[in-house]
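Since the structure comes first, as C-alpha cells, the remarks are kept for the end.
Since every read-out is calculated from the coordinates, none of them should be taken as a lab result. The shown structure was predicted, so the numbers you read here are calculated from the model rather than taken from an experiment. Neighbour counts run over all protein chains shown; Cβ positions are idealised from the backbone, glycine included.
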Amino acid sequence: MGYVVSFSNHKGGTGKTTSTINIACALRDQKKKVLVIDLDPQGNLSYSLGVTDYKFNVIDWLTDLATDEQSIIPVQGIYIVPSSVSIATREEDVKSLWNFRYLMKEKAALLDFDYILIDCPPTIGAYTQIALTASDFVIIPILLEILSIQGLSQIMKFIKEIKITSNPGLEILGVLGVCVNESRKLTNEVLEYIDFTYKVDVFNNRVHNNVKAAEAPSFAKSVIDYAPESTSARDYKSVTEELLKKIENSTNLKRTTN
Ligand SMILES: Nc1ncnc2c1ncn2[C@@H]1O[C@H](COP(=O)(O)OP(=O)(O)O)[C@@H](O)[C@H]1O
Ligand SMILES: [Mg+2]
C-alpha cells in the first residue's frame, strides 16, 4: 500500500520543498519507490531537481490531458510530476477533483509507489485543499522563529476543517524544525510553545541550518546526493528514519483499533 504525505505550511520559505526532496531521496536509499508531486506554481521542486524542460504539468496529469507515461519523469532514482508558473491560473480545474484521494491511492497501487510526497504551495487554496484531502499524513516544516507560529496556527485550523469536510483520516505526522540553530535559546522556546499550545507531535530530529542545503538546488540535486556527509544530509536521513517509525506505529495502531 502506498502512503500519501503532504508537506504544507501557510507560509513560504519554511523548508517544505527542501524537505520533500530530501525525504524522497532518503526513502529512495531505503529501497522505496517514491513519486514527488510539485503542486506549487513556483515550481521550486521541479527546478531544484533540474526538471524544467517538460511537456505536461501536474494539472494536465490530474485532469487526464496527459497519461502517466507522459507526465511522470524519472530523475535521480525517484519520480516527479513537475509544475511551473503555468499552473498558477488553473486552480479552478482541480476544484471538481473530489475523488483525488482515490485517484492517488489508485496511482500508487497501479504504478507500485511506496510513497507519494506532495509539495504544497504556501497558500491555503484549491491545491493545498486537494493535497490534504488525498493525504494519509501531513508534515508541517517550520522555521523555528517566532513569526512561523503565525503560519502554523492557520494551517492547523485548515487541517481541522479538512478532517471534518473531506478527509477524516488525515493525520499530522509532525511539525519538523528546519534551519535550526541549536545555540539559539529561541529554538527550544518555540518548540515548547508549539507542543503546549497545539498539542501536536514535533519530530525529535531537526534539520540544522547548513549552507549545503541551500546550495544543493543550484546543482539540481538533493543535499543527500550533493553533499552526503553534510549535517543536513545526515539530519534528513535521521528525520526519514523517524518518519518511517511514526508511520509504522500509526499503521499498527489503526490495525489494532479497527
Ligand atoms: N537546512 C537548511 N539550511 C540552510 N538553508 C536552508 C535549509 N533548508 C532550506 N534552506 C533554504 O531556505 C530557503 C527556503 O526553503 P524551501 O525549502 O524552498 O522552503 P519552502 O518550500 O517552504 O518555501 C531555500 O532557499 C532553501 O535553499
Ligand atoms: Mg516551496
- Message: Please give me the summed charge of the neighbours of Val4: other residues whose Cβ is under 9 Å from its Cβ, Lys and Arg +1, Asp and Glu -1.
- Response: +1
- Task: Would you calculate a helix-derived [θ] at 222 nm for the chain, using -39,500 (n - 2.57) for each DSSP H run of n ≥ 4 and dividing by the full residue count, to the nearest 500?
- Result: -14000 deg cm²/dmol
- Task: Assign one of three labels to the stretch 1-54, namely rounded, prolate or oblate, based on the Cα gyration tensor with a ≥ b ≥ c the square roots of its eigenvalues; rounded applies when a/c is under 1.5, prolate when it is not and a/b is larger than b/c, and oblate otherwise.
- Result: oblate
- Task: Taking the Cβ of each residue in Ser232, Ser250 as the centre, tally the other Cβ atoms inside 10 Å and list the residues starting with the fewest.
- Result: Ser250, Ser232
- Note on the structure: Computed for the stretch 3-257: size of charge dipole around the Cα centre, +1 on C-beta of each Lys and Arg, -1 on C-beta of each Asp and Glu, debye to nearest 20, value 500 debye
- Task: Under 11 Å from the Cβ of Ile21, count the other residues' Cβ atoms, weight Lys and Arg +1, Asp and Glu -1, and hand me the total.
- Result: 0
- Query: What lysines could a cross-link reach from Lys107, if we take a straight Cα to Cα line under 18 Å and drop same-chain neighbours fewer than 8 places away?
  - Reply: Lys32, Lys33
- Charge tally in the Cβ shell below 11 Å around Ile149, where Lys, Arg are +1 and Asp, Glu are -1, Ile149 excluded: -1
- Under the classification rounded if a/c is under 1.5, otherwise prolate if a/b is larger than b/c and oblate if not, where does the stretch 3-257 fall, given a ≥ b ≥ c as square roots of the Cα gyration tensor eigenvalues? rounded
- Just subtract the alpha-carbon distance of Thr251 and Ile164 from 0.36 nm times their residue separation and send over the number in nm, one decimal. 29.2 nm
- Neighbour-count ranking for Thr256, Thr240, Thr187 (other C-beta within 10 angstrom, fewest to most) reads Thr256, Thr187, Thr240
